[in-house]
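Since the structure comes first, as structure tokens, the remarks are kept for the end.
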Amino acid sequence: LLLDLRTVSVCVLRADGAWRWNASKNTLELLTPEDLRAASTMGQHAFVDTAPVTLVFIVEATPRTQMARPHWLISMPAHVEAAYLAGTALGLGGVARGSVAGPELGKRMKLPATYEPVFCFTCGHPA
């Protein structure tokens, strides 16, 4: 039995809904068909509402992951840098956003209560 201590997961917000990336299966799983891109921001609506994709980094707080939870603050820059690198490789532009209405967004995404959105990365084709 392998102990999985990943505390940061990634969800994708698109016009066709909110999706959770299942890392072990390398698939996207639909959470809700609702377009929540605008709900992911606390004020940057000019670009967030219409950008094709927003990645939402979520953290898990359960007894299983509690010992690793403090490390998400340390690892978050690496997750965001990976998003910038992937976007650049695909010819996309992006912006990291720390202004996230975490608990409310989590509810609208239909995440379990132990998961909380903490950071976003909005990307699309440069203007």
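Quick notes
- Scanning the stretch 44-74 for residues that are over 14 Å from the mean Cα position of the chain (by Cα), modelled with pLDDT under 80 and not aliphatic (A, V, I, L, M) gives GLN44, HIS45, THR62, PRO63, ARG64, THR65, GLN66, ARG69, PRO70, HIS71.
- Note on the stretch 76-91: among residues that are open to solvent by 40 Å² or more (accessible area, probe 1.4 Å) and in contact with a strand residue (DSSP E or B) (Cβ under 7 Å, 6 or more places away or on another chain), the one that is nearest to THR32 (Cα to Cα) is HIS79.
- For beta carbons closer than 6 Å, sequence separation of 6+ or different chains, a first residue in the stretch 102-127 that is over 21 Å from ALA51 (Cα atoms) and touching a residue at least 24 places away in the same chain (Cβ under 8 Å) and a second that is in a loop (DSSP other than H, G, I, E, B) and open to solvent by less than 70 Å² (accessible area, probe 1.4 Å), the qualifying pairs are THR114/ALA61; THR114/THR62.
- Residue in the stretch 32-39 that is hydroxyl-bearing (Ser, Thr, Tyr), in a loop (DSSP other than H, G, I, E, B) and over 12 Å from the mean Cα position of the chain (by Cα) present: no
- Contact map, the stretch 12-28: first residue in contact (Cβ under 8 Å) with a residue 12 or more places away in the chain, second residue surrounded by 11 or more Cβ atoms within 10 Å (Cβ to Cβ) and of a type in the set (Lys, Arg), Cβ cut-off under 9 Å, separation 6 or more or different chains; pairs are VAL12/ARG20; LEU13/ARG37; ARG14/ARG37; ALA15/ARG37; ALA18/ARG108; ALA18/LYS110; ALA23/ARG6; LEU28/ARG20.
- Odd one out for GLY94, checked against (1) modelled with pLDDT of 85 or more; (2) surrounded by fewer than 16 Cβ atoms within 10 Å (Cβ to Cβ): (2)
- Residues within the stretch 98-118 that are outside any helix (DSSP H, G or I), open to solvent by 50 Å² or more (accessible area, probe 1.4 Å) and farther than 15 Å from TRP19 by Cβ, tallied: 5
- When restricted to residues that are open to solvent by 50 Å² or more (accessible area, probe 1.4 Å) and without any contact (Cβ under 8 Å) to a residue 24 or more places away in the chain, the stretch 29-44 contains 4.
The values are calculated or read from the model by the stated rules, or taken from the named source; none is laboratory data. All of these numbers come straight from a predicted model, not from anything done at the bench. Glycine also receives a Cβ, built like all others from the backbone with ideal geometry; neighbour counts cover every protein chain displayed. Heads up: the accessible areas ignore ligands, DNA and RNA and are worked out on the full protein's heavy atoms, side chains in. Shrake-Rupley method; radii C 1.70, N 1.55, O 1.52, S 1.80 Å.
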